[in-house]
Amino acid sequence: MYSAAAAASPPRRDFISVTLGPEEAVGFGGYNNSKAWRRRSCWRKWKQLSRLQRSVILFLFAFLAVCGVISYTSMGEPWKSLTNKSLDDQRTDPEIPGLKLANPAVLPPPQKADANLGDYPELSPQKPPKPPHHVRRGPSNLQIKPPWKDVRLKTRHDTSRIVEEPVQADKEEKTEKSVISWRGAVIEPDQSTEPPSSKIKEPEKPSSVEGEDQKEPVPINDRQMAVIEAFRHAWKGYKDFAWGHDELKPLSKSYSEWFGLGLTLIDALDTMWILGLKEEFEEARKWVANNLVFDKNVDVNLFESTIRILGGLLSTYHLSGDTLFLEKAKDIGSRLMPAFKTPSKVPYSDVNIGRGTAHPPRWTSDSTVAEVTSIQLEFRELSRLTGDEKFQKAVDDVMKHVHTLSGKNDGLVPMFINTNSGQFSHLGVYTLGARADSYYEYLLKQWIQGGKKENELLEDYMRAIEGVKKHLLQRSQPKQLTFVGELAHGHFSAKMDHLVCFLPGTLALGAHNGLTADHMKLAEALIETCYQMYAQVETGLSPEIVHFNLHAQKGHKDVEIKPADRHNLLRPETVESLFYMYRFTGDKKYQDWGWEILQNFNKYTRVPTGGYTSINNVQNPSNPEPRDKMESFFLGETLKYMFLLFSDDVDLINLDKYVFNTEAHPLPIWAPA
Ligand code: DMJ
């Protein structure tokens, strides 16, 4: 409303009004934008303002100016580092044009040199990095150029930490300067590997670094050379007839598929690294880079693909420092996660890695106990490397759940577990063989991996070994061999799977890690038995299952074999245990026993055109009946453990720094907190 009083005395003008006069109007021909005109016009406007209005405007200008200065100083640093970071991101290897430095994308940046110097005050952060040593072990053709460069010293000696930037393994000759040994003996796990906390944030770097105080390289001996020759022969068959497929069929010169993921090739990667087979490794790496695709509509077994593929990729990443393998590990690990979406969180046995669906076998809703409790080392390590806790949480939940379950017999577990109820099923049958074996192995190995702090794992392990002693141990006749039988609803059976021969090695590993010395005694007795399972058989090769004689009968050996059990699948367990026993005792008889076994593999399972084959009859030396299949674990495990067994170098996969998964893929032990 407009009042007369208001019209008579004009109000104080505490607001700015802008009136457009004809000369200011923007119109046809009326537009005047000269500087002089604008200056005059502004000045006129300024003069028209009241004192208060002018003060307010001046104050606002002053305020804005102050804000501008403050925000410039606080934003300057981040802007600077952002600019630097994006430059870093684009950093390429100056020696290999086009090759992006692999490490920074995935792994944390090198820690500052003054971090963790508390114990080593003499080390100054200013110290220049030491160049890597040029170590050559074995024949020169077994050497490979390093997958690392720009090694920077952090601390030294046993607790040394050095920070390295891994780059792709396929280097040209020009990287020779930074050569470190390709071979396992100089592969030192990084002591800074740390356990993931409940809130994992920072991704970790690979464990494989070269210590400052390099020991003299240990030359490869003749037996190790024989293993290399055997590996090359097996690889030739795979390469010629099964390249990129799961398994070689050496007799029919073809292949078989299980998951269609190049299983043998992936399982063999770290073996090639350890044996120093540069060319073979490079070729296989190329296949992984160009052909290994997990986005496939295919059902895979959770356990088998975890121990062979995820485990193989993770260990190869640790040994080589090549992030290609970590990327692939993350991919397969993520694709396996739907298996854990069950009512009980006990995973299904099968996952479709392309569709992201999981299910139990068609005939049951049960999973196998060994399968759901032997995927932990791999998923826990994946969490540590990626900083994503979901992998570890899924597998830790399974262990915690199994820890609380009833249905155990003095620590011994049944063979099946229901994915709906989460309870054991088919109660009353106890074995250390198929379907339960690696449950016991992984109790100990997780405890070691995690820095010996997870007491429930140790408790379950110790209780289980007591259960083995109480219910499953017996002696055979006539040689009084100590063996591990089975218990079915209170009835003892003198049956022992070759699979059980992992146990002496695991017991010895426990004793080495401070557990009771009588575990070592038991290990010594059991490895003798496992050896006899080979030595007492006509071909010198163990069958899949033996039955021990409990009563002396004239003309009978300790070991009896049923017709259905007399096949040999080139399994590793006895050689694996021989390796541990030799490492911890230095007793050469273990090497000699392994040597006999290798010779018998060569005699009865080697296929002249390339590859080795499983056989159907270990009791018939004149016709062992080849089965026409080379299992991936022959390259992944059996030959790797052979090579390690024949080595006198305790640093060739040092057992205080690495723990082998159940498929012989070494993963780093996390440092104690
Ligand atoms: C391998 O896949 C693993 O060692 C597993 O734990 C048992 N079976 C084979 C080898 O025999």
Looking only at the stretch 398-409, which residues are of a type in the set (D, E, K, R) and either touching a strand residue (DSSP E or B) at 6+ places or on another chain (Cβ under 9 Å) or open to solvent by less than 40 Å² (accessible area, probe 1.4 Å) (or both)?
Lys408
Report every pair of residues separated by at least 6 positions or lying on different chains whose Cβ atoms are under 9 Å apart, first residue within the stretch 659-673 and at pLDDT below 95, second charged (D, E, K, R) and away from the ligand (no atom under 14 Å from the Cβ).
Ala671/Asp190; Ala671/Glu194; Pro672/Lys452; Pro672/Lys453; Ala673/Glu194; Ala673/Lys453
Scan the stretch 294-318 residue by residue and report those that are of a type in the set (A, V, I, L, M, F, W, C), in contact with a helix residue (DSSP H, G or I) (Cβ under 9 Å, 6 or more places away or on another chain) and open to solvent by 10 Å² or more (accessible area, probe 1.4 Å).
Phe303
One residue from Ala525, Ala508 being more than 27 Å from the chain's Cα centre (by Cα) and in contact (Cβ under 8 Å) with a residue 24 or more places away in the chain:
Ala525
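Which one of these is among the β-branched types (Val, Ile, Thr), at pLDDT 95 or above and more than 16 Å from the ligand (Cβ to nearest atom): Thr609, Thr574, Thr605?
Result: Thr609 is the single residue among Thr609, Thr574, Thr605 that is among the β-branched types (Val, Ile, Thr), at pLDDT 95 or above and more than 16 Å from the ligand (Cβ to nearest atom).
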If a residue must be among the hydroxyl-bearing types (Ser, Thr, Tyr), buried (at least 22 other Cβ atoms within 10 Å of the Cβ) and away from the ligand (no atom under 16 Å from the Cβ), how many such residues does the stretch 349-385 contain?
1
Members of the stretch 612-636 that are in a helix (DSSP H, G or I) and either open to solvent by less than 10 Å² (accessible area, probe 1.4 Å) or away from the ligand (no atom under 16 Å from the Cβ) (or both)
Ser632, Phe634, Leu635, Gly636
Determine whether Ile597 is over 16 Å from Phe231 (Cβ atoms), of a type in the set (A, V, I, L, M, F, W, C) and at pLDDT 95 or above.
no
If you scan the stretch 577-596, which residues turn out to be buried (at least 22 other Cβ atoms within 10 Å of the Cβ) and either within 16 Å of the ligand (Cβ to nearest atom) or more than 24 Å from Leu515 (Cβ to Cβ) (or both)?
Ser577, Leu578, Phe579, Tyr580, Trp593, Gly594
Might you let me know whether the stretch 527-540 holds any residue that is away from the ligand (no atom under 16 Å from the Cβ), out of contact with any strand residue (DSSP E or B) (no Cβ under 6 Å at 6 or more places or on another chain), closer than 25 Å to Tyr658 by Cα and modelled with pLDDT of 95 or more?
yes
Anything in the stretch 637-673 that is within 16 Å of the ligand (Cβ to nearest atom) and under 22 Å from Gly321 (Cβ atoms)? List them, or say none.
Lys640, Leu644, Val659, Phe660, Asn661, Glu663, Ala664, His665, Pro666, Leu667
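It is to be established whether one or more residues within the stretch 554-572 are polar (S, T, N, Q) and either assigned to a helix (DSSP H, G or I) or surrounded by fewer than 21 Cβ atoms within 10 Å (Cβ to Cβ) (or both).
The answer is no; no qualifying residue exists.
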Which condition does Thr316 not pass, out of (1) away from the ligand (no atom under 16 Å from the Cβ); (2) more than 21 Å from the chain's Cα centre (by Cα); (3) of a type outside the set (D, E, K, R), if it passes all the others?
(2)
For Gly354, all conditions in the list (1) under 30 Å from Glu280 (Cα atoms); (2) under 19 Å from the mean Cα position of the chain (by Cα) hold save one; what is the number of the exception?
(2)
Of the residues in the stretch 546-574, those that are in contact (Cβ under 8 Å) with a residue 40 or more places away in the chain and aliphatic (A, V, I, L, M) come to Val546, Leu550, Ala552, Val559, Ile561, Leu569, Leu570
Being over 18 Å from Ser374 (Cβ atoms), small (Gly, Ala, Ser) and buried (at least 24 other Cβ atoms within 10 Å of the Cβ) is the filter here; which residues of the stretch 639-673 pass it?
Ser647
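The values are calculated or read from the model by the stated rules, or taken from the named source; none is laboratory data. Note that the structure is predicted; figures quoted are calculated from it, not measured. FYI the Cβ positions are ideal-geometry reconstructions off the backbone, even for glycines, and counts take in every protein chain you see. For the accessible areas, the whole protein counts, side chains as well, though only heavy atoms, and no ligand, DNA or RNA atoms are used. Shrake-Rupley method; radii C 1.70, N 1.55, O 1.52, S 1.80 Å.
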